[in-house]
Structures are given as structure tokens and as C-alpha cells.
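S.K.: Once you've had a glance at the structure underneath, I'll fire off some questions.
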Amino acid sequence: MEFASMDLSRIHILRVDPGEDVLAAIKDFLKKSGIRQAVVLGGYGTLAAYHLHWVKHNRIPTENHFRRGEGGIEILAMNGLVVDGEPHIHTALATPDGAFGGHLEPGCIAYVLCEVFFAEVEGVSLSRQRRAVDVEGMGEGEVSRLTFG
Amino acid sequence: MEFASMDLSRIHILRVDPGEDVLAAIKDFLKKSGIRQAVVLGGYGTLAAYHLHWVKHNRIPTENHFRRGEGGIEILAMNGLVVDGEPHIHTALATPDGAFGGHLEPGCIAYVLCEVFFAEVEGVSLSRQRRAVDVEGMGEGEVSRLTFG
Amino acid sequence: MEFASMDLSRIHILRVDPGEDVLAAIKDFLKKSGIRQAVVLGGYGTLAAYHLHWVKHNRIPTENHFRRGEGGIEILAMNGLVVDGEPHIHTALATPDGAFGGHLEPGCIAYVLCEVFFAEVEGVSLSRQRRAVDVEGMGEGEVSRLTFG
């Protein structure tokens, strides 16, 4: 493990409008605002369609499973990080039948409300670097590693 | 989409006591503290009973489905926003049988621990306004829109 | 209910590496950084194994149910609080079969990515104290109560 201590500069509140793609709206916001690094504090609202991915197993290298669906869906939470202007976000969703969720992909379409919150952070330069790992019980390969510059 | 960049003034930590209604306690806290706008950073703990709602479909106008239940329930997360002193919060809950969750309604009763965290924000005036929309594939009607003043 | 208004000092970003125990890494981070009180803003990534607990019912005194499992698991969210250097964290997890989650125990092993975010808070001294309660419908006993000094 490794950690960095940073200063919060500003809080940003993003409203994604009905029919808009949530991840595309987040990328548009990051481009227009020029924000390079931020903690995704949370997000909630509703979706009309989702597209997520999940890891398929716990061995290296990873493989992903993708799935799309439609309907009236509640967004319960979003957690993630923006590094070098690139968002990486996981989200918890639900219908009355139960909760589900995974890695937010393009194709999550906002229904009547979708608001996402970011804490811009500064003082340490965050980046992601490919790094070879060999982990007992998982195998060996490359993973993306958050690096504190 | 639209966004606003704001300053964080203070972090507020709310403890909801056993037997108290979570949403009522949050509203009481907002009234007593005079906080008008805040990001709901998170919340966790346990519930003795829940009352949630979910959207029923992905067409406009919306319809909601409500459900209550009792038991030993873990609160996994809360995400939301306080605008004009009014909280709008979604929560992820769980029992050993799995996770569920939706829009937090009156009737979520704290069991032995319930703590909720708020980031008060200032510099831009948040409000919610009814706005007519016509979205391809969803239909037309009024939705509540977060507005940055 | 009771609340405290505090100042945010710094944001801390923790990277937990593949094969590491998430809770052990968090405790190591808290020890090395000297952080005594913080809001757990969020956490996301993937796990190779989990160990959680849930409350068994909604009566006092509490009883807990524990369960372990393995596989490729997405971390959707983490919410919690660090008091007196001790973390208390709930997490929402998921596979393609749905979401689950509960109280984070030792034995949650990071798979290829795990990042956790903390907002260090100051100005009020947080502590946890055992307190006798007698709640209608729940019974009587001792609970751990967050106290604002």
C-alpha cells in the first residue's frame, strides 16, 4: 500500500440531464472544467438504461464481463477517482428486485435526475502506470497502478 | 449537462440514535444547523426498519413504487444533495441475503448505529425548479432540475 | 440525534495493492499517517475474497453473522468513519449476479485495484463510548455511541 495527502481545492456538482449518457457527461464536464484529478465523492439519481462491467474471476490477467439493461433504475451510489483527467467510477444501482452494480461504462443513460459530486485535489500529482505484478494465488501480469508523483 | 464549482465550508457529522427516524433526524439537523446546501458525502450503520421508493419505469412522467420492511439491516452507503435545506438521499442497504436500496423515505429507523456525513458548500446558490422536458424514448412532462444561481 | 461541525484538513488517497488485506492496509495507513479522525469518503476497485458481517436482527443486544467468500468481486462503495484512529467501514460489493455488502472485516483481499479516500477532520474531538440504552421495540443494553468532545 501507499498513500498521499492532498489539499481539496473545490467541490464540483454536475447535473446530467434526462437522456444523456452519464459517463460522456462526466468526461465533457472534466474537459470543459479542465479538472485533472478529483475524488468522485458520490452520485445518485435514476437511470433509464445501464451498461456495466465486472471482473470475471480473481486471477491475473483480468477478464471482464459486460452487460446492458433497460428500465427504471435507481442510482444508489458512485465512488471513483479522476486521474490525469480520466474518470474511473463504480456505481451501485437498484430496482425493487434488489441492488446490482459494477464499473460504469458508456451507455448508462440518465432518467429524470442524475447528480454527481467531485472533490478536486491538489498538491500531489496522480498518475496511472502499467506495472508487472506476481501475486501468490492470483498469478502474474500487468496491472494499472495509481502513482503519487 | 451543467456544473458548478463551489467552496467547501465545513464538514458536518450527524449521529442518529437507536429508534430515531433517519430522514427526520437529518431534517432536524438541517433546521437546527441552518445548513441550506450540502453534499451528502456518505452514511452507514444499521437500520431496524426501512421505507424506500423506486421509479417504476423509464418513461416520463415518473411513477414510484414504495415498500417497507423490518429486520436487522446494514446501511452500506448514502449519497445525495441538500438544496434549499431539503435533503434528497439514496441509500444502499443489505442483509446476508443481498443488497437492496432506493430513495430514502420517512420510516427508516436507526438500529444501533447510524452516522451521516455532509459537506456544506457555498459560492453558488443551488435550487430546484420544475422544468418541462421532451426526451426521445421517454416522453414529455415536468422534471425537477437542479439549477445553479 | 446530535451533530458536530468540523473543518476538513486534508484529503488522503490510499492505494491497496493486489493481494493485500484492505482493512489491514487501512489500519497501517492510519498508523503511519497519524490520522486520528476522518470521514471515509469512498472506496472502489476489486476484491479477490471478502469477509463481512451483518447484524442478525433488530433487537438489543446485537448479534452478528459472518461470512467469507472468494471470486472476482467489484467494490462499489465504502462509507465509514475513523474515530480515535479506529476505522469502522461498510462496503457495497457486487458480482454479475447482484450486489451484496456489509461491515468490512479483516479478510477482504484486494484484487487488481483498490483505492480508498479519507477526509481528515478537526476542530471537534470524536470518540466512541459505551452507553446504556432502552429503546421501545428493541430492548435494552449497551451500544457504542459517537461522542463529540
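The values are calculated or read from the model by the stated rules, or taken from the named source; none is laboratory data. What you are looking at is a predicted structure, and each value in this text was computed from that prediction instead of being measured. Using ideal geometry, Cβ is built from the backbone for each residue, glycine included, and neighbour counts are taken over all protein chains shown. When the accessible area is computed, the model is the full protein with side chains, heavy atoms only, and any ligands, DNA or RNA have been set aside. Shrake-Rupley method; radii C 1.70, N 1.55, O 1.52, S 1.80 Å.
S.K.: Can you send over the carbon and sulfur percentage of the accessible area for chain A, probe radius 1.4 Å, protein chains only?
M.R.: On the way: 2400 of 5420 Å².
Looking at chain A in its full context, I get 44 percent from C and S.
S.K.: For residue C:72, enumerate residues with amide H under 5 Å from its amide H, sequence gap 5+ or separate chain, H modeled in the peptide plane.
M.R.: Here the answer is A:57, A:58, since their amide H atoms fall under 5 Å of that of residue C:72.
S.K.: Could I ask something else about it? Cα-based Rg of segment B:76-121 per 2.2 N^0.38 Å, rounded to two decimals?
M.R.: Details: Rg = 11.9 Å, N = 46, 2.2 N^0.38 = 9.4 Å.
That ratio works out to 1.26.
S.K.: For segment B:74-87, what does the Karplus curve 6.51 cos²θ - 1.76 cosθ + 1.60, with θ = phi - 60°, yield as ³J(HN,Hα) per residue in whole Hz, taken in order and with x for Gly and Pro?
M.R.: Each residue of segment B:74-87 in turn: 8, 8, 8, 6, 9, 9, x, 8, 9, 10, 6, x, 9, x Hz.
S.K.: Please provide three numbers in whole Å: the alpha-carbon extents of segment B:44-149 along the principal axes, with the largest listed first.
M.R.: 42, 36, 19
S.K.: If you split all Cα-Cα distances of segment B:42-105 into 10 Å bins from zero, what percentages do you get per bin, shortest first?
M.R.: 20, 48, 28, 4
S.K.: Okay, next question. Label-to-label distances across copies for residue C:63, with labels 7 Å out along Cα→Cβ, in nm, shortest first?
M.R.: Result, one decimal in nm: 4.2, 4.2.
S.K.: What does the highest-first list of B:3-12, B:108-117, A:90-99, C:120-129 look like by mean Cβ count within 10 Å? Mind showing how you got there, number by number?
M.R.: Values: B:3-12: 19.9, B:108-117: 25.8, A:90-99: 23.4, C:120-129: 16.5.
In descending order of packing, they fall as B:108-117, A:90-99, B:3-12, C:120-129.
S.K.: Counting only residues 5 or more places away or on other chains, whose amide H sits under 5 Å from the amide H of residue C:108 once H atoms are built in the peptide plane?
M.R.: Here the answer is C:22, C:23, C:51, since their amide H atoms fall under 5 Å of that of residue C:108.
S.K.: Which one, B:149, B:50, A:83, is farthest towards the positive end of the dipole of the protein assembly as shown when Lys and Arg carry +1 and Asp and Glu -1 on their Cβ?
M.R.: B:149
S.K.: Over both sides of the C-B contact, add up the buried accessible area with a 1.4 Å probe and give it to the nearest 100 Å². Mind showing how you got there, number by number?
M.R.: Values: alone 8960 and 8970 Å², together 14350 Å².
The contact between B and C buries close to 3600 Å².
S.K.: Once the label point is set 7 Å along the Cα-to-beta-carbon vector, what list of distances in nm do you get between residue A:129 and its counterparts in the other copies?
M.R.: For residue A:129, the inter-copy label distances come out at 4.9, 4.9 nm.
S.K.: Continuing with the same structure: From the phi angles alone, apply the Karplus equation (6.51, -1.76, 1.60; θ = phi - 60°) to segment A:57-65 and give each ³J(HN,Hα) in whole Hz, x where the residue is Gly or Pro.
M.R.: Residue by residue, segment A:57-65 yields 7, 10, 10, 9, x, 6, 10, 10, 10 Hz.
S.K.: Moving to a separate point now. Ranked from the most accessible area to the least, with a 1.4 Å probe and all protein chains present, what is the order of B:27, C:32? Walk me through the numbers on the way to the answer.
M.R.: Details: B:27 95, C:32 140 Å².
Most to least solvent-accessible, the answer reads C:32, B:27.
S.K.: Hey, for residue C:96 with labels 7 Å out along Cα-Cβ, what do the inter-copy distances come to in nm, ordered shortest first?
M.R.: Ordered by distance, the counterparts are at 2.8, 2.8 nm.
S.K.: Note the per residue figure in Å³ for the convex hull of the C-alpha positions in segment C:5-61.
M.R.: Numbers: hull volume 9.1 nm³, N = 57.
Looking at segment C:5-61, the number lands at 160 Å³ per residue.
S.K.: Can you give the log10 of the normalised intensity I(q)/I(0) at q = 0.06, 0.07 Å⁻¹, computed with Debye over equal Cα scatterers of the protein assembly as shown?
M.R.: -0.22, -0.30
S.K.: Using only protein heavy atoms and a 1.4 Å probe, report how much of residue A:29 is accessible, in Å² to the nearest 10.
M.R.: Taking all protein chains as shown, residue A:29 has close to 0 Å².
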